[in-house]
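S.K.: My questions all concern the structure below.
The values are calculated or read from the model by the stated rules, or taken from the named source; none is laboratory data. Model, not experiment: these values are computed from the prediction. Neighbour counts run over all protein chains shown; Cβ positions are idealised from the backbone, glycine included. Areas reflect the complete protein model, heavy atoms only, side chains present, ligands, DNA and RNA absent. Shrake-Rupley method; radii C 1.70, N 1.55, O 1.52, S 1.80 Å.
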Amino acid sequence: MALDGASTLILVSGHRTGRRLEEHATAVEAAIAVGMERVLYVSLVGAAPTATYINARDQWMTEQFLAGAGIRHTVLRAGFYTSTPAALANEEFVVSGPASTGRAAFVTHENIADVITAVALDKGRRSVPSTTARSSKSTGPRP
């Protein structure tokens, strides 16, 4: 099995499929089944059940699933990727997203990879018991 021998699942969402929670739950359950110790999940800043940005609602559902899954996990809430806004603009060039003031701090895929690497390799004081979750926000420079 692809997950055998691994201790940490790094879960990063792909494109919206309409089945994101099912896909994420399947990956987490597979990780638990092979005895993984933790999940690092890349979510979104502003993830909430009533978020304007539909992807943030999906991410919130996965966060809730993880909270009840019984595995140690860390939620890394990333800001908008620099590659995202052009793809999200409507015909009036408006992007609705998790920035209530209309400003956003963008991150690159490389920024998030650096954060994931640092957290994945951290076995020190920031490690938490298996029933505990951690959450942090990763954004770019303030606008």
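S.K.: Just the accessible area per residue of region 14-75, please: how many Å² with a 1.4 Å probe?
M.R.: Here the per-residue accessible area is 46 Å².
S.K.: Something else: On the accessible surface of region 1-65, probed at 1.4 Å, how many percent belong to carbon and sulfur atoms?
M.R.: After summing per-atom areas, the C and S share lands at 55 percent.
S.K.: While we're here: Which trypsin sites (Lys or Arg not before Pro) in region 20-57 sit in a loop by DSSP (not H, G, I, E or B) and have at most 14 other Cβ atoms within 10 Å of their own Cβ?
M.R.: none
S.K.: Between Ala118 and Leu3, what is the label-to-label distance in nm when each label sits 7 Å out along the Cα-to-Cβ direction?
M.R.: Going from the Ala118 label point to the Leu3 one covers 2.7 nm.
S.K.: Ok, one more. How high is the FRET efficiency between Thr108 and Gln64 when r is their beta carbon distance and R₀ equals 35 Å, given to the nearest 0.05?
M.R.: 0.80
S.K.: When the chain is fully extended, how far beyond the present Cα-Cα distance does Glu23 get from Ser83, taking 0.36 nm per residue of separation?
M.R.: Full-extension gain reported as 19.3 nm.
S.K.: Could you work out the percent of alpha carbon pairs in region 5-44 separated by over 12 Å, rounded to a whole number?
M.R.: Percent of Cα pairs beyond 12 Å in region 5-44: 57.
S.K.: When only alpha-carbon atoms are used, what values of Rg and Dmax, in angstrom, describe region 1-118?
M.R.: Rg then Dmax for region 1-118, in Å: 15.1, 49.
S.K.: For Val34 and Val95 in the same chain, what is the full-extension length gain: residue separation times 0.36 nm, less their Cα-Cα distance, in nm?
M.R.: Taking Val34 through Val95 to full extension adds about 17.9 nm, to one decimal.
S.K.: Sort the following peptides by mean Cβ neighbour count (other Cβ atoms within 10 Å, averaged over residues), highest first: 3-10, 68-75.
M.R.: In decreasing order of mean packing, 3-10, 68-75 become 68-75, 3-10.
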